[in-house]
1. Given the conditions (1) open to solvent by less than 10 Å² (accessible area, probe 1.4 Å); (2) more than 18 Å from A58 (Cα to Cα); (3) in contact with a Leu (Cβ under 6 Å, 6 or more places away or on another chain), report the number of the one that F138 does not fulfil.
2. Could you look through the range 120-135, keep only residues that are farther than 18 Å from F53 by Cα and open to solvent by less than 20 Å² (accessible area, probe 1.4 Å), and pick out the one that is nearest to the chain's Cα centre (by Cα)?
3. Would you call A70 buried (at least 24 other Cβ atoms within 10 Å of the Cβ) and within 13 Å of the chain's Cα centre (by Cα)?
4. Just to verify a result, which residue in the range 93-116, among those that are on the phi > 0 side of the Ramachandran plot and open to solvent by 20 Å² or more (accessible area, probe 1.4 Å), is modelled with the lowest pLDDT?
5. Checking the condition of a type outside the set (F, W, Y), over 15 Å from the mean Cα position of the chain (by Cα) and modelled with pLDDT of 90 or more, which residue from T59, T85, T49, T13 passes?
6. Being aliphatic (A, V, I, L, M) and in contact with a Leu (Cβ under 6 Å, 6 or more places away or on another chain) is the filter here; which residues of the range 80-99 pass it?
7. Is at least one residue of the range 143-154 open to solvent by 50 Å² or more (accessible area, probe 1.4 Å) and modelled with pLDDT under 90?
8. Only one of G77, G104, G155 is free of Cβ contacts under 8 Å to residues at least 40 places away in the same chain, more than 20 Å from R20 (Cβ to Cβ) and not hydroxyl-bearing (S, T, Y); which?
Amino acid sequence: GVLFEGTASGSLTLADLTLRGASVGSAASAVTGLRVAGSRARLTLVNATVEGFSSAQATELQFFSGLGGAVSVLDGGTLTARATTFAGNTAKSLGGAVALISAGASATLTDVVLENNVALATGGGAVAVLAPDAVLAFGGNSRVVGNSALSGSGGGVLVANEAARASVTAGRGA
C-alpha cells in the first residue's frame, strides 16, 4: 500500500524525518510508497531523507506498475522537495526515485540529492518524466549522482518520447 498519499486538493508536508524501506507488495491495490495524485494535490518534503524504497515486486495487475521507486506523481499532483535526499531507491521499471507519470504532474527539487537510485528496466535511474506536459525543475545545489538504469536509458534523468513537450530545467533559481 501507500505510506503517504496526497490526493486531489490535499496538501501534506513532511519535514525533518527519515523515511526508510517502504516497498510495493504484489497485491493488486499496492502502489509506490509516496504518491501524489489528483488536481492540486501537493506533497512537500523538507529536510527529509527517503531511502531504500522499492517497487521491484510490482506486478502487471497494479495501476502504474513499477513506476517510481519512492514517489509517483500523477493527474495534476505536485511534489516539492527542499534539502532532501533520495538514496538507494529502486523502481521495477522507470524512475528509481521519482516518476512524473500523467497529465499535469510536476516536481520542483531544490537543494536535493538523488544518489544511487536504480531503474531496473526502461530507464530514469533517478527521475523519469513520462507525462507530455510534466514539469521538472532542479534548483539550488541539487545533485544527481551514481544513479543507474540497468537495461534502459537515462541513468540520471529520462524524458520519455511521450513527454516530448515536458519542461525540464536546472538552475539555481528553480
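The values are calculated or read from the model by the stated rules, or taken from the named source; none is laboratory data. Everything numeric in this text was worked out from a predicted model, so none of it was measured. Here the Cβ positions follow ideal geometry from the backbone for every residue, glycine too, while neighbour counts run over all protein chains shown. With ligands, DNA and RNA removed, areas are computed over all heavy atoms of the protein, side chains included. Shrake-Rupley method; radii C 1.70, N 1.55, O 1.52, S 1.80 Å.
1. (1)
2. V129
3. On the way: buried (at least 24 other Cβ atoms within 10 Å of the Cβ): yes; within 13 Å of the chain's Cα centre (by Cα): yes.
Spelling it out, A70 is indeed buried (at least 24 other Cβ atoms within 10 Å of the Cβ) and within 13 Å of the chain's Cα centre (by Cα).
4. So in the range 93-116, the residues on the phi > 0 side of the Ramachandran plot come out as 95, 104, 111, 116.
Restricting the remaining residues to those that are open to solvent by 20 Å² or more (accessible area, probe 1.4 Å) gives 104, 111, 116.
Details: G104: 92, D111: 98, N116: 98.
Among them, the one singled out is G104.
5. Working: T59 fails: modelled with pLDDT of 90 or more; T85 fails: over 15 Å from the mean Cα position of the chain (by Cα); T49 fails: over 15 Å from the mean Cα position of the chain (by Cα).
Every option except T13 fails the conditions.
6. A81, L94, A97, A99
7. yes
8. Details: G77 fails: free of Cβ contacts under 8 Å to residues at least 40 places away in the same chain; G104 fails: free of Cβ contacts under 8 Å to residues at least 40 places away in the same chain.
Going through G77, G104, G155 in turn, the sole match is G155.
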